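Enquirer: Let me give you the structure first, and then I'll get to my questions.
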Amino acid sequence: MLSAAGGGGILQLDFVFHHLAKRNLCFTTDKPKNLTEILCMAKFKDEKRGSFKVFGIEYEKEITKRIPYDESVIMKEAIFNGEEASISKNSQYSFIEHLVSLNKSSLSKIFDDIKGKFYFSRLELKNGFIKDFETIQLHFKVHFNYQLMQSAISVDGQEVGQIYFSCKNDE
């Protein structure tokens, strides 16, 4: 079953990372004057307020702790078939953790000859945040010069959006 956050208030979400965070983030609805300060941006669209943006900017405090999650626990039940991949909810991990793990694994199988690392870059959801799900299906759609990869997301048989990963060279 799909469920959007806020009882149907948020209709769309477009969340974009511009680069990898090295310091802690601070979020604001005020657009920074220096646009290079923006590390990530989320654009929301809802029925009441229309569209609004939230900007993530780094501030001086270094990241002192990252909390990794075990992708192998999530991926133990994944099914891969060419440019399609699917997974059933199989752990205590969130929708985003299942989605990111599945897409990274799928892209690694599709592009097994690429030297580099895949990074989560963008998420577009038609109906806002997904809190509950039974299955996630991904279908690889296109790459942009092997730098940015786009996959369609379906949840419980319904297309809900797109996910993008960037590939950065390890060299």
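The values are calculated or read from the model by the stated rules, or taken from the named source; none is laboratory data. Since we're looking at a predicted model, the values are computed, not measured. In this analysis, Cβ positions are derived from the backbone assuming ideal geometry, glycine residues included, and neighbour counts consider all displayed protein chains. When the accessible area is computed, the model is the full protein with side chains, heavy atoms only, and any ligands, DNA or RNA have been set aside. Shrake-Rupley method; radii C 1.70, N 1.55, O 1.52, S 1.80 Å.
Enquirer: Please go through segment 110-144 and give me each residue that is free of Cβ contacts under 8 Å to residues at least 60 places away in the same chain, in a loop (DSSP other than H, G, I, E, B) and open to solvent by less than 50 Å² (accessible area, probe 1.4 Å), ordered by number.
Expert: Looking only at segment 110-144, we keep the residues that are free of Cβ contacts under 8 Å to residues at least 60 places away in the same chain, and these are 110-118, 135-144.
Now drop any that are not in a loop (DSSP other than H, G, I, E, B), which leaves 111-116.
Scanning segment 110-144 gives F111, I114, G116.
Enquirer: Please find, among K48, K53, K33, K43, the residue that is open to solvent by 60 Å² or more (accessible area, probe 1.4 Å), part of a loop (DSSP other than H, G, I, E, B), modelled with pLDDT of 85 or more and not β-branched (V, I, T). Working first, answer last.
Expert: Numbers: K48 fails: modelled with pLDDT of 85 or more; K53 fails: part of a loop (DSSP other than H, G, I, E, B); K43 fails: part of a loop (DSSP other than H, G, I, E, B).
Unique residue meeting the criteria: K33.
Enquirer: In this structure, is S88 buried (at least 18 other Cβ atoms within 10 Å of the Cβ) and touching a residue at least 24 places away in the same chain (Cβ under 8 Å)?
Expert: On the way: buried (at least 18 other Cβ atoms within 10 Å of the Cβ): no; touching a residue at least 24 places away in the same chain (Cβ under 8 Å): yes.
No.
Enquirer: Let me ask something else about it. Would you point out the residue of segment 56-95, among those that are assigned to a strand (DSSP E or B) and among the polar types (S, T, N, Q), that is modelled with the lowest pLDDT?
Expert: Of all residues in segment 56-95, those assigned to a strand (DSSP E or B) come to 56-62, 79-81, 84-88.
If we keep only those that are among the polar types (S, T, N, Q) as well, we get 81, 86, 88.
On the way: N81: 95, S86: 96, S88: 91.
Per the criteria, the residue is S88.
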